[in-house]
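Worksheet: the structure to be examined is printed underneath.
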Amino acid sequence: MKRREFIALLGAAAAAWPLAVRAQQQPPVPVIGLLDQRSPDELAARLRGFRRGLRDAGFVEGENVAIEYRWGENKMERLPELAADLLRRKVAVIAATSGTSPALAAKAATTTTPIVFIVSNDPVRLGLVASLARPDGNLTGINFFTGELGAKRLELLHELVPTATRLAVLIDPANSDYAETTVREVGEAARSIGLQIQVVKASTIREINAAFETFARERPNALFVGHDPFFNSRRTQLVHLATRLTVPASYSARDFVEAGGLMSYGADIADAWRQAGSYVGRILKGAKPADLPVVQSSKFELVINTQTATMLGLTVPPSLLAIADEVIE
């Protein structure tokens with residue numbers, strides 16, 4: 001090698017050496033595993049909330065944190081393997097974002113990797129944590145109560161449709177915890193105001209269509225759609241069928257009303273996802289799930305679609321309009 005070439009090579013190596021050292025000193029970007037039983041198509045607003053919570057804690061996806069997404073596509077049996085796959089990826093924390101099934105699958109998969117859940121029913125009763133104040137394990141998260149607001153939601157529906165005497169209740173037996181809570185709360189509330197209820201079950205697209213064929217024959221005066229992640233993923237189908245049948249329907253989340261549904265009452269779920277993102281960020285900074293109390297979301301919203309009400313021949317009472325958090329016209 002000529003002397004000039006050797007000097008040039010030595011200079012290039014010397015210039016590259018600090019960069020190599022800095023690269024070795026650069027800490028690895030932490031990876032979050034996000035586990036959801038649905039597909040990402042219908043979760044844009046909630047994912048924005050989750051990333052906003054991360055950002056509030058100082059983490060930006062693609063800059064100083066990465067997220068590995070695992071979607072169940074509404075196939076519950078896939079969740080255990082998806083959780084195991086995230087653990088093989090050595091994620092720093094798992095966010096189980098669509099209720100009981102992903103949270104339980106993640107819990108069963110690990111006793112050490114931190115888990116932040118979002119559930120609508122009591123996480124103590126579900127066996128996820130020892131107590132709300134002191135979770136005492138590798139799980140903590142957000143409890144947003146939508147599954148336990150059945151009586152209030154029925155009261156609001158009855159105020160909008162006061163002449164109703166027969167109520168159809170749609171539940172998903174695949175999520176037994178949500179289904180049992182809905183039947184118990186709505187059944188008690190319906191009896192107290194003299195409503196007859198008919199419980200119909202659906203866990204697939206075909207069964208939803210069959211349920212509405214039943215409604216077409218039985219002609220209920222109103223429909224109560226139980227809170228369920230699968231129903232949320234099929235909200236366009238549910239709203240379309242309810243509209244075609246001209247049956248007033250109440251839903252658990254604003255997503256349905258934005259899709260043309262009549263009314264919803266429930267937690268601000270996008271805000272619950274924001275809170276979950278914030279908790280994930282705190283764990284990435286060193287906090288332990290056992291030291292983070294379960295957050296009980298207290299932000300609820302009533303959303304009414306007056307255009308749908310008019311199409312159904314309903315007049316929304318001023319009392320409901322006055323307390324609505326949003327009126328879609």
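Computed from the coordinates by the stated procedures, all read-outs in this text should not be read as laboratory data. Here the structure is a predicted model, which means the values were calculated and not measured. Neighbour counts are summed over all protein chains in view; Cβ atoms, including those assigned to glycine, are modelled from backbone coordinates with ideal geometry.
Before moving on, here are some points about what is shown:
- Vicinal HN-Hα couplings computed from phi for region 108-123 (Karplus, 6.51 cos²θ - 1.76 cosθ + 1.60; Hz; Gly/Pro x): 5, 7, 8, 10, 10, 5, x, 10, 10, 9, 10, 10, 9, 10, 4, x
- Altogether, the Stokes-Einstein calculation at 25 °C and 0.890 mPa s, with the Kirkwood radius of region 215-329 over Cα pairs as Rh, returns a diffusion coefficient of 155 µm²/s.
- Rel. contact order, % - alpha carbon contacts under 8 angstrom, at least six apart, region 146-234: 42
- Among ALA44, ILE208, ALA168 - extreme Cα towards positive end, dipole of the chain, charges at beta-carbon: ALA44
- Size of region 259-304 as Cα extents on the principal axes (Å, biggest first): 44, 18, 10
- Note on region 93-229: Kirkwood radius taken over Cα pairs, Stokes-Einstein applied at 10 °C and 1.306 mPa s, translational D equal to 98 µm² s⁻¹.
- Here the dipole of region 116-175 is about 40 debye; that uses its Cα centre as origin and unit charges on the Cβ of Lys and Arg (positive) and Asp and Glu (negative).
- Under-5 Å amide H pairs with GLN198, H placed in peptide plane, nonlocal only: LEU167, ALA168, VAL169
- Assuming charge only on the beta carbon of Lys and Arg (+1) and of Asp and Glu (-1), the dipole of region 176-329 about its Cα centre is about 280 debye to the nearest 20.
- Backbone amide hydrogens, once placed in the peptide plane, bring ILE67 within less than 5 Å of ILE32, GLY62, excluding anything fewer than 5 places away on its chain.
- FRET efficiency for LYS75 and VAL183, using Cβ-Cβ distance with R0 set to 30 Å, rounded to 0.05: 0.80
- GNM result for the chain, Cα springs below 10 Å: residue of ARG235, ARG38, ARG125 fluctuating most strongly: ARG125
- On full extension, the segment bounded by ASN209 and HIS240 gains 10.1 nm, given 0.36 nm per residue less the C-alpha separation.
- Along region 223-239 the Karplus relation, 6.51 cos²θ - 1.76 cosθ + 1.60 evaluated at θ = phi - 60°, assigns HN-Hα couplings of 10, 10, 8, x, 5, 6, x, 5, 4, 4, 5, 10, 4, 5, 4, 5, 5 Hz to successive residues, with x for each Gly and Pro.
- Net charge dipole size for region 231-311 [Lys, Arg +1 and Asp, Glu -1 on Cβ; Debye, nearest 20]: 220
- In percent, rounded to a whole number, the relative contact order of region 192-329 is 19, using alpha-carbon pairs under 8 Å and six or more apart.
- The chain - convex hull of the alpha-carbon atoms, volume per residue in Å³: 168
- With eigenvalues of the C-alpha gyration tensor scaled by 5 and rooted, region 34-148, Å: 20, 17, 16
- Over 22 Å (Cα to Cα) - which of LYS152/LYS299; LYS75/LYS201; LYS75/LYS107; LYS75/LYS288 fall in this group: LYS75/LYS288
- Rg/Rh (Cα only; Kirkwood hydrodynamic radius) as it applies to region 128-170: 1.27
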